[in-house]
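Peer 1: This is the structure, below, for whatever I ask next.
The values are calculated or read from the model by the stated rules, or taken from the named source; none is laboratory data. Treat the numbers as computed from the prediction; the structure is a model and nothing was measured. Positions of Cβ are generated from backbone atoms using ideal geometry, with glycine treated the same way; all protein chains shown enter the neighbour counts.
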Amino acid sequence: MSDTLTPDVIGRRVEVNGEHATVRFAGVVPPVAGPWLGVEWDNPERGKHDGSHEGTVYFKCRHPTGGSFIRPNKVNFGTDFLTAIKNRYVLEDGPEEDRKEQIVTLGNKPVETVGFDSLMKQQSQLSKLQEVSLRNCAVSCAGEKGGVAEACPNIRRVDLSKNLLSSWDEVIHIADQLRHLEVLNLSENKLKFPSGSALTGTFSALKVLVLNQTGITWAEVLWCAAWCPGLEELYLESNNIVISERPTDVLQTVKLLDLSSNQLIDENQLYLIAHLPRLEQLILSDVGISSIHFPDAGIGCKTSMFPSLQYLVVNDNQISQWSFFNELDKLPSLRALSCLRNPLTKEDKEANMTRQLIIASIGQLKTLNKCEILPKERRTAELDYRKAFGNEWKQAGGHQDPDKNRLSEEFLRAHRRYQFLCLSTCVYAGGLQVADFPLEQSVPLEYGAPEDWELKTQQPFMLKNQLLTLKIKYPDQLDQKVLEKQLPGSMTIQKVKGWLSRLLKVPVSDLLLSYESPKEPGIEIKLENDLQSLRFYSVENEDCLLVRW
Amino acid sequence: MRECLSIHIGQAGIQIGDACWELYCLEHGIQPNGVVLDSQPDQLENAKMEHTNASFDTFFCETRAGKHVPRALFVDLEPTVIDGIRMGQHRSLFHPEQLLSGKEDAANNYARGRYSVGSKVIDLVLERTRKLAEQCGGLQGFLIFRSFGGGTGSGFTSLLMERLTGEYSRKTKLEFSVYPAPRISTAVVEPYNCVLTTHSTTEHTDCTFIVDNEAIYDICQRKLGVERPSYASINRLMVQAVSSITASLRFEGPLNVDLIEFQTNLVPYPRIHFPMTAFAPIVSADKAYREQFSVSDITTACFESSNQLVKCDPRLGKYMACCLLYRGDVVPKEVNAAIAATKSRHSVQFVDWCPTGFKVGINNRPPTVMPGGDLAKVHRAVCMLSNTTAIVEAWARLDHKFDLMYAKRAFLHWYLREGMEEAEFLEAREDLAALERDYEEVGQSF
């Protein structure tokens with residue numbers, strides 16, 4: 001908040017009444033006298049103009065209303081790290097503390113001290129601090145050199161999100177003094193890249209780095225990663241990142257990568273991070289992805305990409321094709337998947353069917369949407385999958401007899417696991433989740449290839465499907481022609497006789513009906529009971545009714 | 001000093017207990033075999049461990065061999081659930097005498113749990129309780145975990161509570177009860193069991209914290225992205241609340257809250273002792289670091305119905321007392337600001353006769369999450385226990401269901417066969433009706 005404006009004020013992050021901004025200009029703006037600061041707000045609608053005033057361009061903004069001119073004394077340039085910690089964590093001294101006296105010996109003389117107690121208490125409080133949260137505390141710099149290291153060297157976890165740090169230089173100054181730093185959260189800061197590089201050892205203990213909403217680019221991410229040799233978790237949410245190059249020597253220890261809400265990511269960029277050796281968890285929520293391909297894996301093989309990936313999160317995306325899950329089966333280590341709120345999973349009114357199809361498509365999946373897949377559930381899902389695609393399998397050349405089985409490549413690629421599910425016996429090991437008590441359950445997977453009767457689809461219940469096409473013969477009459485007629489199976493014998501009587505002009509009581517089937521020639525079955533239907537006597541299509549009188 | 005004995009009754013109580021002790025062990029660095037994790041190379045960690053040793057004495061008893069045994073008792077009238085503990089991960093944590101099981105279960109029947117089957121086991125249970133109590137220097141009280149709807153949870157608990165009052169009249173007894181959910185039911189006769197047990201236990205309990213399954217299912221589905229929450233997920237969430245409540249007994253903190261302090265501050269009249277529990281923040285592990293939760297954010301969240309562990313609408317009632325238990329990175333300044341902001345909100349209405357209404361506890365240990373769980377690790381959390389008149393809605397629902405079944409005397413013969421009389425049912429129902437009237441009365445303005 002000083003009135004003297006030095007050139008290094010440009011680029012600094014400041015706060016005015018809760019709104020954060022970056023200083024872009026310092027100087028005089030005629031005709032009004034006095035020094036002014038030109039700032040670009042984080043919130044693009046907060047300002048009045050885009051850096052120009054009365055025709056002259058003083059600085060540039062990305063938005064037409066992104067900038068303002070403010071008096072320097074209205075602006076908060078922030079405070080240093082140590083002061084911020086003291087402000088937050090040191091309990092205020094009560095009035096009774098001031099009176100405390102202690103006798104200390106210097107040489108031979110006893111000396112009265114006043115107030116030492118509270119000072120020592122303060123210092124011990126700070127040195128015990130391991131976890132520090134300074135979110136929105138207007139921290140802009142590290143402060144006096146060595147101050148932090150002396151007062152609170154044991155800090156392991158720092159939350160410095162939404163502060164006024166303007167460049168990585170300041171962050172490095174702070175981190176240099178915290179030898180045990182393991183978790184660093186720098187979200188919602190806009191940091192410039194440093195002039196030099198970090199000293200080796202600055203971030204040597206760092207395991208978790210959070211850089212959400214910092215506007216960082218992929219190249220900058222790789223620069224940071226170079227200083228953190230032991231980095232295990234990296235969070236990069238909402239940065240509009242485009243993965244532009246493959247990380248070669250950096251990020252090799254990373255186990256968790258959060259790339260959610262980066263809408264510019266697409267599946268081709270994912271190939272660039274596919275060879276990180278330790279990556280176990282990948283969070284891709286809300287990135288707008290709709291498909292994924294692992295072209296290097298042939299039919300029945302696993303891909304070499306994402307070798308350690310165990311947990312994939314693809315919630316809130318645009319997945320609308322089943323082939324997505326079919327591709328995921330190629331991942332060698334995938335054990336858990338979360339795919340809520342995608343078009344494919346939203347439309348389906350029977351959420352159960354979706355779940356079953358996903359389970360059947362991905363063989364080693366143990367957890368879906370945070371629910372464990374029990375062996376019984378897997379078995380039901382696989383059986384249903386086998387039945388659901390049975391007709392397609394047949395059309396693609398599938399056959400119960402393994403020698404005659406010649407499936408098209410297209411089918412094999414689209415349904416990777418189908419052949420596996422059809423194998424006649426297979427040992428199925430399903431592990432229960434308790435880590436130290438694994439139970440191997442061997443269930444002989446005798447699914448076999450789908451039988452024809454399983455594949456018969458139910459015909460819709462319409463009258464025309466209920467009609468039987470029958471031939472009508474009159475064996476005792478030589479000159480009557482053979483009629484072909486369609487009769488409903490539910491028609492009673494009485495009604496058939498009635499109709500025949502009207503047709504042949506013979507009284508009903510004289511008629512004797514029987515039928516024979518082409519499947520069993522020579523065998524005649526009498527239709528004696530008038531009250532029963534044709535279906536009762538198992539009259540089928542193409543059978544022949546024999547009428548005698 | 002200040003030891004607490006936990007008694008876990010019935011399937012619900014035991015499964016919650018399993019999750020609970022697992023969490024306590026994680027928080028205190030105790031391994032599944034009872035030994036404290038000792039291999040810290042860092043001196044600071046060691047110093048911290050020594051510092052906290054003295055405090056977890058309230059829940060763990062240290063044997064001469066250096067093992068830490070929980071001060072807990074698991075009771076059930078049939079063996080299957082307890083066998084799960086005997087063979088499970090924590091089998092070496094508990095002494096075999098702490099795991100008590102009968103042979104014949106209560107079959108969802110209060111009468112069996114209380115009279116026929118329960119009476120056979122009660123003496124053994126009391127004997128073991130006495131043994132555990134003798135190991136304590138200064139027993140503060142008991143924490144009972146059970147469900148209202150089951151046979152053992154309802155029947156056996158009421159028997160046990162009566163006898164505990166007889167033997168340990170000056171000790172506090174707090175309950176953590178699973179209340180039957182409004183729309184999800186695990187037993188048809190739940191309403192009978194609940195009404196009967198509430199009637200017989202009310203005078204023996206000092207405070208009953210209720211949670212219900214449906215509220216927690218909804219939280220798991222909406223906030224944690226769990227498609228089909230299992231009992232394991234539900235219990236894990238519930239024990240976070242339990243852990244927050246007992247945190248000040250187990251860790252030193254700037255503002256500790258004792259068991260007796262709960263009573264004093266939350267219970268305005270002896271019968272009005274059913275506070276509602278709420279917990280914040282509830283964040284999915286997939287969304288770690290994405291949302292920031294300041295003290296004022298989490299305090300406001302506690303007053304939202306989506307964070308409550310019981311299905312009831314507090315906007316329909318008035319608050320009589322409120323206890324906010326913060327843990328983690330919380331500074332007193334921020335707490336004061338958050339509470340001031342809450343008091344000024346119109347939706348949070350207090351009764352006329354209780355102007356201040358807030359009790360605050362702060363503990364610096366941040367919440368621990370169980371590995372493989374659904375919750376994200378957060379820097380700070382708050383558990384709110386509020387005594388609100390809106391909870392009468394829960395009792396009204398229950399009474400209504402009871403009336404429907406009782407009008408037809410449906411399922412009654414199962415209770416009468418075990419030696420109960422209809423008079424007991426009527427008495428219990430009258431008692432609950434009186435409880436509803438009591439709540440209405442306290443909620444009225446002058």
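Peer 1: If I filter region A:465-487 for residues that are at pLDDT below 80, in a loop (DSSP other than H, G, I, E, B) and among the aromatic types (F, W, Y), do I get at least one hit? Outline the logic, then answer.
Peer 2: In the first step, residues of region A:465-487 are kept if they are at pLDDT below 80; the result is A:465-466, A:477-481.
Those left that are additionally in a loop (DSSP other than H, G, I, E, B): A:477-481.
Subsequent filtering for residues that are among the aromatic types (F, W, Y) retains none.
The answer is no, given that none of the residues of region A:465-487 is at pLDDT below 80, in a loop (DSSP other than H, G, I, E, B) and among the aromatic types (F, W, Y).
Peer 1: Quick one: count up the residues across region A:251-267 that are out of contact with any Gly (no Cβ under 7 Å at 6 or more places or on another chain) and assigned to a loop (DSSP other than H, G, I, E, B). Don't jump to the end; show me each part of the working.
Peer 2: Going residue by residue through region A:251-267, those that are out of contact with any Gly (no Cβ under 7 Å at 6 or more places or on another chain) are A:251-252, A:254-262, A:264-267.
Retained after the next criterion (residues that are assigned to a loop (DSSP other than H, G, I, E, B)): A:251-252, A:254-255, A:259-262, A:264-266.
Total satisfying the criteria: 11.
Peer 1: Residue check, B:I362 against (1) out of contact with any Pro (no Cβ under 7 Å at 6 or more places or on another chain); (2) among the β-branched types (V, I, T); (3) in a strand (DSSP E or B), all met but one. Which one?
Peer 2: Every listed condition holds for B:I362 apart from (1).
Peer 1: Additional query: Mind telling me which of the residues A:E220, A:E170, A:E188 ends up being within 12 Å of chain B (Cβ to nearest Cβ) and of a type in the set (D, E)?
Peer 2: Details: A:E220 fails: within 12 Å of chain B (Cβ to nearest Cβ); A:E170 fails: within 12 Å of chain B (Cβ to nearest Cβ).
The unique qualifying residue is A:E188.
Peer 1: Residues to consider are A:Q356, A:Q364; find the one that is surrounded by fewer than 19 Cβ atoms within 10 Å (Cβ to Cβ) and either touching a Pro at 6+ places or on another chain (Cβ under 8 Å) or under 25 Å from A:I283 (Cα atoms) (or both). Can you show your working first?
Peer 2: Working: A:Q356 fails: surrounded by fewer than 19 Cβ atoms within 10 Å (Cβ to Cβ).
One residue alone meets the criteria, A:Q364.
Peer 1: Within region B:310-329, identify whether any single residue is among the aliphatic types (A, V, I, L, M) and within 14 Å of chain A (Cβ to nearest Cβ), and answer yes or no. Steps first, please.
Peer 2: Initially, region B:310-329 is screened for residues among the aliphatic types (A, V, I, L, M), giving B:310, B:316, B:320-321, B:324-325.
With the extra rule that they be within 14 Å of chain A (Cβ to nearest Cβ), the set shrinks to none.
Taking every residue of region B:310-329 in turn, none turns out to be among the aliphatic types (A, V, I, L, M) and within 14 Å of chain A (Cβ to nearest Cβ).
Peer 1: Hey, another quick one. Which residues, taken from region A:131-161, are farther than 20 Å from A:L206 by Cβ and under 32 Å from the mean Cα position of the chain (by Cα)?
Peer 2: Within region A:131-161, A:N136 is the sole residue that qualifies.
Peer 1: Any residue in region A:268-297 that is within 14 Å of another protein chain (Cβ to nearest Cβ) and assigned to a strand (DSSP E or B) sitting within a Cβ distance under 6 Å of a residue that is crowded, with 18+ Cβ neighbours inside 10 Å and among the aromatic types (F, W, Y)? List the pairs, counting only those 6 or more apart or interchain.
Peer 2: A:Q281/A:Y311
Peer 1: Now for a different question. Looking only at region B:397-434, how many residues end up being in a loop (DSSP other than H, G, I, E, B) and within 20 Å of B:V117 (Cα to Cα)? Steps first, answer last, please.
Peer 2: First, the residues of region B:397-434 that are in a loop (DSSP other than H, G, I, E, B): B:408-412, B:418-421.
Narrowing the set further to residues that are within 20 Å of B:V117 (Cα to Cα) leaves B:411-412, B:418-421.
Adding up the residues that qualify gives 6.
Peer 1: Of everything in region A:43-53, what is assigned to a loop (DSSP other than H, G, I, E, B), under 16 Å from A:F25 (Cα atoms) and not basic (K, R)? Give them in sequence order.
Peer 2: A:G47, A:D50, A:G51, listed by residue number.
Peer 1: Now for a different question. A:P332 passes all but one of (1) at negative phi; (2) within 14 Å of chain B (Cβ to nearest Cβ); which number fails?
Peer 2: Every condition holds for A:P332 apart from (2).
Peer 1: Let me ask you something else. (1) closer than 30 Å to A:G146 by Cβ; (2) free of Cβ contacts under 8 Å to residues at least 40 places away in the same chain; (3) in contact with a Phe, Trp or Tyr (Cβ under 7 Å, 6 or more places away or on another chain); (4) buried (at least 18 other Cβ atoms within 10 Å of the Cβ): which one isn't true of A:F193, the others all being true?
Peer 2: Only one criterion is unmet by A:F193, namely (4).
Peer 1: Kindly indicate whether B:T208 is in contact with a His (Cβ under 9 Å, 6 or more places away or on another chain) and at negative phi.
Peer 2: Numbers: in contact with a His (Cβ under 9 Å, 6 or more places away or on another chain): yes; at negative phi: yes.
The answer is yes for B:T208.
Peer 1: Which residue is surrounded by the most Cβ atoms within 10 Å (Cβ to Cβ), if the candidates are limited to region A:306-320 and must be in a loop (DSSP other than H, G, I, E, B) and within 14 Å of chain B (Cβ to nearest Cβ)? Even if it seems obvious, please write down each step before you answer.
Peer 2: Step one: of region A:306-320, the residues in a loop (DSSP other than H, G, I, E, B) are A:306-310, A:314-320.
Narrowing the set further to residues that are within 14 Å of chain B (Cβ to nearest Cβ) leaves A:310, A:314-317.
Details: A:Q310: 19, A:V314: 25, A:N315: 21, A:D316: 17, A:N317: 22.
Only one residue fits best here, namely A:V314.
Peer 1: Could you check B:N336 against (1) polar (S, T, N, Q); (2) assigned to a strand (DSSP E or B); (3) within 14 Å of another protein chain (Cβ to nearest Cβ) and say which number it fails?
Peer 2: For B:N336, the exception is condition (2).
Peer 1: Sort through A:T380, A:T303 and tell me the only one that's of a type outside the set (A, V, I, L, M, F, W, C), away from chain B (no Cβ under 14 Å) and in a helix (DSSP H, G or I).
Peer 2: Values: A:T303 fails: in a helix (DSSP H, G or I).
Exactly one residue qualifies, and that residue is A:T380.
Peer 1: One residue is enough: does region B:183-194 have a residue meeting the conditions touching a residue at least 12 places away in the same chain (Cβ under 8 Å), assigned to a loop (DSSP other than H, G, I, E, B), β-branched (V, I, T) and crowded, with 19+ Cβ neighbours inside 10 Å?
Peer 2: Within region B:183-194, one or more residues are touching a residue at least 12 places away in the same chain (Cβ under 8 Å), assigned to a loop (DSSP other than H, G, I, E, B), β-branched (V, I, T) and crowded, with 19+ Cβ neighbours inside 10 Å.
Peer 1: If I filter region A:53-87 down to residues being among the charged types (D, E, K, R) and at pLDDT below 85, which single residue comes out as nearest to A:G11 (Cα to Cα)? Show your work before the answer.
Peer 2: Step one: filter region A:53-87 for residues among the charged types (D, E, K, R), giving A:54, A:60, A:62, A:71, A:74, A:80, A:86.
Those still in the list that are at pLDDT below 85 too: A:54, A:60, A:62.
Details: A:E54: 24, A:K60: 13, A:R62: 15 Å.
My answer is A:K60.
Peer 1: Right, another one. From B:Y115, B:Y110, which residue is among the hydroxyl-bearing types (S, T, Y), in contact with a helix residue (DSSP H, G or I) (Cβ under 9 Å, 6 or more places away or on another chain) and over 25 Å from B:H273 (Cα atoms)?
Peer 2: Numbers: B:Y110 fails: over 25 Å from B:H273 (Cα atoms).
None of the other options fit; the residue is B:Y115.
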